[in-house]
There are 2 protein chains.
Amino acid sequence: MSTLNYGIAVFPSKEIQDIANSYRKRYDPRYNKIPPHITLKERFEATPDEIKDITSELDRIAAETNPFDIEIKKVSSFSPVTNTVYLKVEPNDTLTSLNQKMNEGKFPVSQQFAFVPHITISQDLSEDEHSDVYGSMRMLEFDLQDHIDRFQLLYQLEDGSWTVYETFKLGRN
Amino acid sequence: MSTLNYGIAVFPSKEIQDIANSYRKRYDPRYNKIPPHITLKERFEATPDEIKDITSELDRIAAETNPFDIEIKKVSSFSPVTNTVYLKVEPNDTLTSLNQKMNEGKFPVSQQFAFVPHITISQDLSEDEHSDVYGSMRMLEFDLQDHIDRFQLLYQLEDGSWTVYETFKLGRN
C-alpha cells in the first residue's frame, strides 16, 4: 500500500481563523490549501499500517492531555530563517508537550526547527514583500484567547490541499 | 452566543478526491472552500448549545451505522434545476438513511431537494459553460469504489471556507 503525507494541527476558534484569513488571503499563497491552524506536527509520510499505530498513539496522547487555553497578542516573523509571518501563540506548556510527544516513540521525527507555536498569516513572499508586510503588521496588538479541546490528523491531496482524517478530543470524555 | 453555519459531509478516499479536484480546479469556483465531499446534511445554523445536542445525536447515529461501500461509475448533472455537474454516487441505502436521520428529531431540516448522493465537480457556471462542461464529461466512465467508515461535522468561516469540527467513526469501535 502506498504512503500518504500526514500532518497534525489545531484549528483555533472561528474568530481567530477569520482574523488570520483576513491577512492570509492577501499574503499567503497557500491560503486555500488548509484553514488557519497551529501545526503540532509537520508533514510526515505513513503507510496505512503505520497510520493505524499512530492513530492509537494519538488516542492515548489526547486522553492524557487536558483541554487548555491559548493566547495571541502579537505578530512575529521567522525571518531570516524563512519569510513566514505569523500570529504568535504565547508560550504554552501543553502545546510544547503535545509537539514533543508527536516526535518520539512510534512517531517519525518531522521537525526541522525548535517548536514555536504559531498561526501562519504570510509566507513564500520575496524579501522585499516580506519586509513590507511584516513592517506593516509588527506593530499590531491583539488580545485573543481560545480554549483548545481537540486536535486533528490530516492528509494531503495531490494539489497540496489538506483533508481532515480524524479529530482527537482532549481529556477523558 | 452567536450561531455558526454547520454542515455534515463524507470525504471519500484521496484517490477519489484527487480525481474530483482535477475537474473542480477548472470548473468549480468553490474548489478552494472545501475538499471534495459527499454532503450528508446541507448547511444549517446552530448555537453552541444546539450543536452540543446535535453532536450527541451524531455520536448515536454513527454508533448505530456500520461502515459501508460506495461506488462511482459516471458523471451526472442537476440541470435544469441547478448547473451543478457531479460524480454520481450509486444509490446507497446507508447514505440515504444517514441523510434522513440528520433531518429529523433534534436536527433542523436543511434540505431543499430530494437527497441525491454526489460529489460536485462543477457549479455556478453559465448555461453555455455548463453545456460545454457537461457535454464533455457525460460520456466518462469510472470504476471507483470506496469504503466509508466516518463522517465529519464542519463549520463555515466568513470567507465561505469550511473547517472540520469533529469526526464521527461509524460502528461501535
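The values are calculated or read from the model by the stated rules, or taken from the named source; none is laboratory data. Note that the structure is a prediction, hence the values are computed from the model and not measured. Note that each Cβ is placed from the backbone with ideal geometry, even for glycine, and that neighbours are counted across all protein chains shown. Ligands, DNA and RNA are stripped out before the accessible areas are found, and what is left, the full protein with its side chains, is counted by its heavy atoms. Shrake-Rupley method; radii C 1.70, N 1.55, O 1.52, S 1.80 Å.
The table for this structure:
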quantity	calculated
Under Karplus coefficients 6.51, -1.76 and 1.60, residue-wise ³J(HN,Hα) of the range B:119-132 in Hz, glycine/proline x	10, 5, 10, 7, 7, 6, 8, 5, 3, 5, 4, 4, 4, 4
Computed magnitude of the charge dipole of the protein assembly as shown (debye, nearest 20; Cβ of K, R +1, Cβ of D, E -1)	200
Accessible-area value, B:Met139, 1.4 Å probe, nucleic acids and ligands omitted, Å²	150
Nearest-first distances (nm) between copies at B:Pro91, label 7 Å from Cα via Cβ	6.4
When each of B:Lys41/B:Lys169; A:Lys88/B:Lys33; A:Lys25/B:Lys33 is checked by Cα-Cα distance, pairs over 18 Å	A:Lys88/B:Lys33
Inter-probe distance in nm under a simple model that places probes 7 Å from Cα toward Cβ, at A:Ser126 and A:Glu141	3.5
Overall Cα dimensions of chain B, principal axis frame, Å, largest first	46, 34, 26
Shielding score for A:8-15, defined as the mean number of other chain Cβ atoms within 10 Å	2
Cβ crowding within 10 Å averaged over residues, with A:84-90, A:159-165, A:46-52 ranked highest first	A:84-90, A:159-165, A:46-52
Shielding by partners, peptide B:159-171 (average Cβ within 10 angstrom, other chains)	5
Residue order for A:Tyr6, A:Tyr27 - accessible surface, 1.4 angstrom probe, largest first	A:Tyr27, A:Tyr6
Positive-end residue of A:Leu153, A:Thr47, A:Tyr86, charge dipole of chain A with Cβ unit charges	A:Leu153
Label-point gap, in nm, between B:Lys52 and A:Ala114 - each point 7 angstrom along Cα→Cβ	4.0
Inter-copy separations for B:Glu141, label at 7 Å along Cα-Cβ, nm, ascending	6.9
Carbon and sulfur %, accessible surface of the range A:4-169 computed with the full protein complex present, 1.4 Å	46
Solvent-accessible area of A:Leu98 with every protein chain in place, 1.4 Å probe, in Å² to the nearest 10	0
Cα centroid separation - the range B:1-70 against the range A:119-153, whole Å	28
Unit charges on C-beta of K, R, D, E only; dipole of the range A:4-169, Debye	120
